[in-house]
1. Considering segment 69-122 alone, what residues qualify as being under 21 Å from the mean Cα position of the chain (by Cα) and on the phi > 0 side of the Ramachandran plot?
2. When the residues of segment 134-155 are narrowed to those that are free of Cβ contacts under 8 Å to residues at least 60 places away in the same chain and under 11 Å from residue 208 (Cα atoms), which ends up farthest from the ligand (Cβ to nearest atom)?
3. Collect the residues in segment 160-196 that are more than 19 Å from the chain's Cα centre (by Cα) and of a type in the set (D, E, K, R), keeping them in residue-number order.
4. Go through the residues of segment 164-186 one by one and say whether even a single one is outside any loop (DSSP other than H, G, I, E, B), within 13 Å of the ligand (Cβ to nearest atom) and at pLDDT below 95.
5. From the list 146, 150, 156, pick out the single residue that is surrounded by fewer than 14 Cβ atoms within 10 Å (Cβ to Cβ), assigned by TED's automatic domain parsing to the domain that holds residue 188 and closer than 17 Å to residue 62 by Cβ.
6. Say whether the condition of being away from the ligand (no atom under 11 Å from the Cβ) and free of Cβ contacts under 8 Å to residues at least 24 places away in the same chain is met by at least one residue in segment 192-202.
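The values are calculated or read from the model by the stated rules, or taken from the named source; none is laboratory data. Please read these numbers as outputs of a predicted model, since none were measured by experiment. For neighbour counting, all protein chains shown are included, and Cβ atoms are generated from backbone atoms with ideal geometry for every residue, glycine included.
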Amino acid sequence: MHASGKTREQAATALEQLTRLLRAQAWHGDAGRPMPPVQAGVLKLLADARHGMRAARMAEQLGITPASLSDTLKTMEAHGWIERSPDPRDGRARLLRLSWKGHAQAALKRQPGQGALGLLQVLEQADLAALLRCTQLLVGEAQRQGLATGLRTCVGCKFFRPFASGDAARPHLCGFTGQPFGDLELRADCAEHERAEPWDFAANRERFRQRIPHPAE
Ligand code: SF4
């Protein structure tokens, strides 16, 4: 059954309300002020990047321009959360890493009571799986519309094989791990992600959206 325009409007309102609420309740860093989402994104990316990351790559993964990221990085350096060092693969380039102070901030942010994590505690597994599925679909659509690039979601990854395992409980396959997995294990940000070619991305998005099972072999 197709959802009516009114239903979609209500869903859009709910999503916008939630975004506003999370912004307003944004997690507070040690500066005692709400942390802007881009700063929180940089903390998370660098906490996962053991060997550091260049600013251009970070901007791509955050879906913003290097120029908009630049001010955020200056602020975070002023807080003493990040450090720059030469990239051993190219002496002219600089790598960014978290300082010990930055790691402490990132650890605080992972505490269950913080931000969106605090709200998600109320969801049961089936609801969490539905949320992760919807997030993949919405991020996929944002990428199709050219609103985002560089996000490391399963839909959009060259290793993602939706509904290809033949196992109803764990219907997808990850070509990187070789393992089947279900919606509950969909990754919104995966370090092993590699970008799919545009035609594979489009086919996977549609297959995932329509829940097309793999034909029996
Ligand atoms: S490598 Fe990561 S993003 Fe890609 S399909 Fe596997 S789990 Fe998903």
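1. Residue satisfying the conditions is 115 alone.
2. 134
3. Selection gives 167, 170.
4. No, there is no match, as no residue in segment 164-186 is outside any loop (DSSP other than H, G, I, E, B), within 13 Å of the ligand (Cβ to nearest atom) and at pLDDT below 95.
5. Criteria check complete, one pass: 146.
6. yes
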